[in-house]
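Notes for the one structure printed next.
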Amino acid sequence: MKIERVQICNRLGLHARAAAKVVHAACEFQSEIFLGTDEEEVNAKSILGLLTLAATEGTPLSIRASGVDEEAAIKALVALFQNKFGEGG
Amino acid sequence: MSRSQLKGMGVSPGIAIGEPVVHETRPMATLRITVPTSRIDAEVERFRKAVADTVERIRENRERASQQMGQEFAAIFDAHQLIASDASLTGPIEETIRSEQVNAEWALDQVVAHLVARFEALTDVYLSDRKLDVLDVATQIMNALHGLDVRLLENLDRPVVLVADDLPASTVVHLPLDKVLGFALEMGGPTSHTTIIARSLGIPVIVGAHGACQAAQQSRILAFDAFEGKIIFDPDPAEVSEFQSRQREYQEQQGHLFHVRLLPTVTRDGHTIELLANIDLAAELEQAVQWNVDGIGLYRSEFLYMKTSPGLPSEEDHLAEYRALVSRMDGRPVTIRTFDLGGKKLAREVIGSPEANPVLGLRGIRLCLSKPDFFRTQLRAVLRLAAECESGRVKIMFPLISGIEEVRIARLLVRQLSEELRREGHRVPDHVPLGAMVEVPSCAVMAPELAKEVDFLSIGTNDLIQYALAVDRSNELVASYYQPTNPAILQLITRVIAAGEAEGIEISMCGEMAADPLIVPVLVGFGLKKLSMNPQSVPVIRNLIRQLSFRESVHMARQVARMVTARDVEEFLLERLAILLAKARIRV
């Protein structure tokens with residue numbers, strides 16, 4: 001298992017379009033991947049889970065992956081967050 | 001005696017008699033039905049089919065969106081597709097169907113309600129707004145389960161009177177409108193897009209008919225009179241014949257007006273007024289031609305977007321539409337207003353999150369400038385069109401200008417695009433008149449300065465009144481504050497006209513006021529020379545202007561300018577109109 005911490009740095013938080021990108025990225029990997037705040041953790045492969053996560057701008061999140069490709073999975077997701085989901089906002 | 005009657009507000013003239021068809025868009029109460037054990041598998045299968053259909057439809061929409069607008073726009077469909085097939089939605093629904101032995105609709109309703117409650121518990125406003133996406137998808141699945149009633153409407157095979165709670169314009173454009181005798185709506189207003197479409201096609205409309213859906217459901221025949229706003233359910237034979245004779249009378253009157261179509265629009269003392277058409281749809285263009293307008297004063301390009309929605313029209317789509325327009329107008333000027341999708345679903349998808357106050361939000365020129373790609377496509381098409389026409393014939397008008405900077409940016413963009421087209425080897429026009437719509441009060445205040453920077457101004461009174469008087473006319477509680485005759489509005493208008501005269505640029509009016517028989521005489525007196533209106537109003541206004549004296553109108557305008565309340569102005573104008581009509585025996 002591998003854990004990495006990231007922060008939401010776009011204004012709208014993890015909105016529907018961003019969440020869709022996270023799901024698409026997560027589904028590329030076999031590992032189980034979870035996203036969590038201090039209070040709850042959700043499956044990164046379920047968009048509804050991601051949407052119900054109370055993650056606004058500045059919220060610290062942990063990405064947890066376990067499986068054969070956990071290293072690569074974490075790396076891809078961290079990059080997506082750092083890239084502000086490719087929307088530059 | 002008829003079974004029952006209702007009162008509404010007639011917003012498109014005419015009389016309709018026919019079989020009612022009810023279309024309710026508001027969520028129907030979902031019934032809980034117990035499904036026998038032997039049918040449970042089939043019920044789950046029915047649900048899965050509805051989900052698969054929904055996912056497929058979203059995928060189709062996504063394809064079109066991504067081709068025409070790029071990946072960023074398509075991403076919202078990605079999200080919807082994922083929501084529709086998310087196991088944490090479909091799983092609990094299938095489980096509910098099996099464990100409670102209920103119908104799929106009920107299970108869907110329960111699970112979605114539970115999900116929505118979770119979103120509503122999130123305190124952040126952006127976060128709780130995410131429920132909208134879930135609800136949107138849930139509605140699509142529900143429609144798929146119901147077999148989608150919109151398709152039923154699209155396949156109407158006989159003339160009907162359409163009764164609905166609310167009818168979004170996106171639904172109306174897909175209806176076989178030749179089969180619609182009239183619309184009786186519970187919601188909507190005089191300026192809703194549905195009303196505008198119906199009026200343009202000569203289809204009578206009554207809005208604000210609360211309870212019409214329920215009453216129509218039990219009726220075989222419905223008759224309504226949009227002049228009086230009266231709806232009768234199951235009229236008796238005497239009532240039917242009364243409605244029919246009024247219908248004939250109206251048609252004959254229309255026939256009489258047809259004779260004025262080739263007469264010039266000139267006052268008794270020789271002052272000429274240009275009557276232009278506001279165009280929404282291709283069908284309206286035919287009416288404009290029929291009533292012999294002097295040109296197109298306002299081509300609302302939104303319907304082109306609605307037609308291809310959720311995809312966007314390409315440069316060639318724009319060009320083809322505009323070419324048809326100018327060729328049908330046969331040498332007469334055409335003003336194309338760039339897109340204004342304020343508050344619409346498309347805009348919501350473009351912006352990504354709903355706005356708390358869309359009327360004051362990203363619409364008009366702001367939307368155009370925030371989506372340079374869309375704007376570019378449209379402007380390039382208009383520039384290419386202008387190059388094909390006689391110089392100055394095709395004009396570009398920017399909506400919702402609130403300051404001079406916006407005009408400067410738009411002008412710069414036009415210049416850049418002309419350059420770009422030239423480099424690509426296209427012909428470009430030497431000069432395309434650029435104009436601003438005066439809808440925001442700040443724009444009317446700045447008219448003297450603005451007039452130095454544009455080639456023409458057009459006063460859009462519907463928005464100007466709404467913004468200047470801070471009133472939403474569709475809100476019944478404040479509708480009476482919407483006063484076109486408010487002296488403040490008249491002052492804003494005269495200020496714009498004076499600015500136009502000082503700078504020698506054309507001023508026109510394209511709001512509903514331009515077609516209001518009460519106000520037209522005073523507008524003529526203020527010195528307005530171009531009025532743009534829905535084509536149907538053209539014969540009535542032409543007939544009216546032909547009875548006016550310009551000198552008297554100027555005198556009248558001076559008297560009006562001294563009045564300080566809307567009521568005084570209105571009473572004065574009513575009195576003057578009554579005298580005029582009595583003299584001329586015009587019916588308006």
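The values are calculated or read from the model by the stated rules, or taken from the named source; none is laboratory data. In this text the structure is predicted, and so the values were computed from the model without any measurement. Every residue, glycine as well, gets a Cβ built from its backbone with ideal geometry; the counts of neighbours run over all protein chains shown.
Within region B:350-359, is even one residue part of a helix (DSSP H, G or I), modelled with pLDDT under 95 and within 14 Å of chain A (Cβ to nearest Cβ)? Yes, that holds for at least one residue. B:Leu285 falls short on exactly one of the conditions (1) outside any strand (DSSP E or B); (2) modelled with pLDDT of 75 or more; (3) under 30 Å from B:Glu552 (Cα atoms), and that condition is (3). If only residues of region B:226-245 that are of a type outside the set (Asp, Glu) and assigned to a loop (DSSP other than H, G, I, E, B) are counted, the one that is surrounded by the most Cβ atoms within 10 Å (Cβ to Cβ) is B:Ala226.
Might you let me know whether region B:502-514 holds any residue that is crowded, with 23+ Cβ neighbours inside 10 Å, in contact with a helix residue (DSSP H, G or I) (Cβ under 9 Å, 6 or more places away or on another chain) and of a type in the set (Asp, Glu)?
no
Filtering region B:271-287 to residues that are over 21 Å from B:Arg199 (Cβ atoms) and exposed (fewer than 15 other Cβ atoms within 10 Å of the Cβ) leaves only B:Thr272.
For region A:50-80, which positions are free of Cβ contacts under 8 Å to residues at least 12 places away in the same chain and in contact with a helix residue (DSSP H, G or I) (Cβ under 6 Å, 6 or more places away or on another chain)? A:Thr52 - this is the single residue of region A:50-80 that is free of Cβ contacts under 8 Å to residues at least 12 places away in the same chain and in contact with a helix residue (DSSP H, G or I) (Cβ under 6 Å, 6 or more places away or on another chain). Only one of the numbered conditions (1) in contact with a Pro (Cβ under 9 Å, 6 or more places away or on another chain); (2) on the phi > 0 side of the Ramachandran plot; (3) modelled with pLDDT under 85 is violated by B:Asp340, and that is (2).
Before we move on, is A:Thr37 of a type in the set (Ser, Thr, Tyr), buried (at least 19 other Cβ atoms within 10 Å of the Cβ) and over 14 Å from A:Ala76 (Cα atoms)? Spelling it out, it is not the case that A:Thr37 is of a type in the set (Ser, Thr, Tyr), buried (at least 19 other Cβ atoms within 10 Å of the Cβ) and over 14 Å from A:Ala76 (Cα atoms).
Scanning region B:517-529 for residues that are outside any helix (DSSP H, G or I) and within 19 Å of B:Gly295 (Cα to Cα) yields B:Leu528, B:Lys529. Filter region A:1-33 down to residues that are buried (at least 19 other Cβ atoms within 10 Å of the Cβ) and either β-branched (Val, Ile, Thr) or in contact with a strand residue (DSSP E or B) (Cβ under 8 Å, 6 or more places away or on another chain) (or both) and give me whichever is modelled with the lowest pLDDT. Ranking the qualifying residues of region A:1-33, first place goes to A:Ile8. Hey, any hits in region A:7-18 for a residue that's among the basic types (Lys, Arg) and touching a residue at least 24 places away in the same chain (Cβ under 8 Å)? Checking region A:7-18: at least one residue is among the basic types (Lys, Arg) and touching a residue at least 24 places away in the same chain (Cβ under 8 Å).
For the residues B:Ile505, B:Ile519, the requirement of being within 29 Å of the chain's Cα centre (by Cα), in contact (Cβ under 8 Å) with a residue 40 or more places away in the chain and closer than 30 Å to B:Ala282 by Cβ singles out B:Ile519. Set side by side, the residues B:Pro521, B:Pro484 differ, and just one is more than 20 Å from B:Gly297 (Cα to Cα) and surrounded by 21 or more Cβ atoms within 10 Å (Cβ to Cβ), which is B:Pro484.
A single entry from B:Arg220, B:Arg268, B:Arg261, B:Arg248 fulfils the requirement of being without any contact (Cβ under 8 Å) to a residue 60 or more places away in the chain and either more than 26 Å from the chain's Cα centre (by Cα) or surrounded by 12 or more Cβ atoms within 10 Å (Cβ to Cβ) (or both): B:Arg248. If you check B:Ser442 against the conditions, is it touching a residue at least 40 places away in the same chain (Cβ under 8 Å), of a type in the set (Ser, Thr, Tyr) and crowded, with 22+ Cβ neighbours inside 10 Å? So B:Ser442 does not fit the description; no. Where helices (runs of 4 or more DSSP H) fall wholly inside region B:17-125, the ranges with 1 or more residues that are at pLDDT 90 or above and within 11 Å of chain A (Cβ to nearest Cβ) are B:71-85, B:87-100, B:104-121.
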